[in-house]
Amino acid sequence: MKKYLLFFVVIWGCFSLYGCSSTKELSTSSVAQMIQTGNIQEPSDTESENYVIRVGDKINLVVWGYPEFNAQVQVKENGFISLPLIGELLTAGLTKQQFMENLKEKLSVYITGEIKLNLDITSIMVQRVTVLGAVNRQDNYPINSEVSLIEVLSSAGGVTMDADLRRVKIIRNGLRAKPIEVDLIENIEKGDISNIPIVKPGDMVYVPKKHNIIRELSEFFRDAIFLLSLFRVFN
């Protein structure tokens, strides 16, 4: 009787393990379907008013009628530039239009009437995000600013069937900082996408593969056989 009872417990455990794995597979598949194939937009044209100025960009400024304010500068590592009379001015992270509006406000202290500017920006670098692991297209993708993790994975052609969306990692600042681990399934199941971290230029996104369910079942049966042998010893 005890042997039959033990056999029932082992079989029940197998079905429980399989059932949990199937549920997890369903959730992973559902989330994967939400990551549609797409592309991250290329960096905006530097002539566009919506272009976001970045560290390293070269700026050529001409103030019509006031050559003392003309300057050719490069955005420094701290995101600022130095302009004659005005001094340090935050530039990186602002759109071209926002920067021009801020600059006009600063120049209004020295210039009365309409202020006419000519601003040329030369971008010397393309910022990228690296996507590796269980995705359909591992590669470096150019990004203009901070983007959502879903958008990054979408740009990589979506995730593969064996992707573990509960342990997606965002690696920032190389290997100097601890990776940011993201459980996409949990966040989406809760309906709170706002908690999913944003991917920044220079980040690396790594999607690991799921654990092998066959190996997990093998380990389970190994433990079950061990327990069965203990019952025999005590019997």
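The values are calculated or read from the model by the stated rules, or taken from the named source; none is laboratory data. These numbers come from a predicted model, not from an experiment. As a convention, Cβ positions derive from the backbone with ideal geometry for all residues, glycine included, and neighbour counts pool all protein chains shown.
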Residue hits (the stretch 125-147; hydrophobic (A, V, I, L, M, F, W, C), crowded, with 16+ Cβ neighbours inside 10 Å and assigned to a loop (DSSP other than H, G, I, E, B)) are ALA134, ILE143
Out of ILE81, ILE53, ILE59, which single residue is out of contact with any Gly (no Cβ under 6 Å at 6 or more places or on another chain), modelled with pLDDT under 90 and under 26 Å from SER145 (Cβ atoms)? ILE53
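For the subset of the stretch 87-99 comprising residues that are touching a residue at least 40 places away in the same chain (Cβ under 8 Å) and in a helix (DSSP H, G or I), which member is nearest to ILE53 (Cα to Cα)? Steps first, answer last, please.
Quick first cut of the stretch 87-99, residues touching a residue at least 40 places away in the same chain (Cβ under 8 Å) only: 93-97, 99.
If we keep only those that are in a helix (DSSP H, G or I) too, we end up with 96-97, 99.
On the way: LYS96: 7, GLN97: 10, PHE99: 9 Å.
Within the stretch 87-99, the match that is nearest to ILE53 (Cα to Cα) is LYS96.
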From ILE121, ILE115, residue being in a strand (DSSP E or B), more than 30 Å from VAL207 (Cα to Cα), β-branched (Val, Ile, Thr) and touching a residue at least 24 places away in the same chain (Cβ under 8 Å): ILE121
Looking only at the stretch 77-86, and only at residues there that are in contact with a strand residue (DSSP E or B) (Cβ under 8 Å, 6 or more places away or on another chain) and part of a loop (DSSP other than H, G, I, E, B), the one that is surrounded by the fewest Cβ atoms within 10 Å (Cβ to Cβ): PRO84
Which condition breaks for GLU146 when tested against (1) out of contact with any Lys or Arg (no Cβ under 7 Å at 6 or more places or on another chain); (2) within 27 Å of ASN78 (Cα to Cα); (3) among the acidic types (Asp, Glu)? (1)
Going through the stretch 193-235 one residue at a time, which ones are more than 15 Å from the chain's Cα centre (by Cα), assigned to a loop (DSSP other than H, G, I, E, B) and at pLDDT 75 or above? LYS210
Residue among ILE188, ILE150, ILE170 that is closer than 21 Å to GLY202 by Cα and part of a helix (DSSP H, G or I): ILE150
Of (1) surrounded by 15 or more Cβ atoms within 10 Å (Cβ to Cβ); (2) in a loop (DSSP other than H, G, I, E, B), VAL73 fails just (2)
